[in-house]
1. Tell me the strands (runs of 3 or more DSSP E) entirely within region 57-152 that contain at least 3 residues that are in contact (Cβ under 8 Å) with a residue 60 or more places away in the chain and under 20 Å from residue 45 (Cα atoms).
2. Kindly indicate whether any position in region 111-127 is modelled with pLDDT of 95 or more, out of contact with any strand residue (DSSP E or B) (no Cβ under 8 Å at 6 or more places or on another chain) and over 13 Å from residue 157 (Cα atoms).
3. Tell me yes or no: at least one residue of region 145-155 is within 20 Å of residue 27 (Cβ to Cβ), surrounded by 18 or more Cβ atoms within 10 Å (Cβ to Cβ) and at pLDDT 90 or above.
4. Looking at (1) surrounded by 12 or more Cβ atoms within 10 Å (Cβ to Cβ); (2) modelled with pLDDT of 95 or more; (3) in contact with a strand residue (DSSP E or B) (Cβ under 9 Å, 6 or more places away or on another chain), can you tell me which one residue 101 breaks?
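The values are calculated or read from the model by the stated rules, or taken from the named source; none is laboratory data. Here the structure is a predicted model, which is why all the values come from computation and not from measurement. Note that each Cβ is placed from the backbone with ideal geometry, even for glycine, and that neighbours are counted across all protein chains shown.
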């Protein structure tokens, strides 16, 4: 999900440097490591720089974040769609595997942050695209309203996985306090 305006960030946060890689590039790498194919950027203009195609938001400008979900689900049409915001620099493929393992064609798997659902980080059945679009067409903008269109299960993820960087200062802070074992785990996979 790359369609936000990044007003608080001051520039396209998908392209912000997160320890030598674009923040959105880290998300793309995690999606590819889970086996997502294709990986696309929904909205915005960062897709090309991230090495993925951009799918323009199907809705009118300023229809809110739920419009991005409707776009992703309607674009995919079938199967499961792993939806991830571009501003989660510590999210890994291990976190995404937990979501994929719980999702079915009848039930979304939604990340839980302190027992609160975070539907912007979820594995959704593409078949819900028209129902989510109907919410958007009715003026609904909030992500959480998508939970009303069908069954879902919550998947607890560590808070660090869902630490979103809405400002440059938040990005620096998130990267500064990351798990010191993360670098070791990454080298073990190679």
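1. none
2. Yes: one or more hits.
3. Checked against the condition, which is being within 20 Å of residue 27 (Cβ to Cβ), surrounded by 18 or more Cβ atoms within 10 Å (Cβ to Cβ) and at pLDDT 90 or above, region 145-155 yields at least one hit.
4. That leaves (1) as the condition not met.
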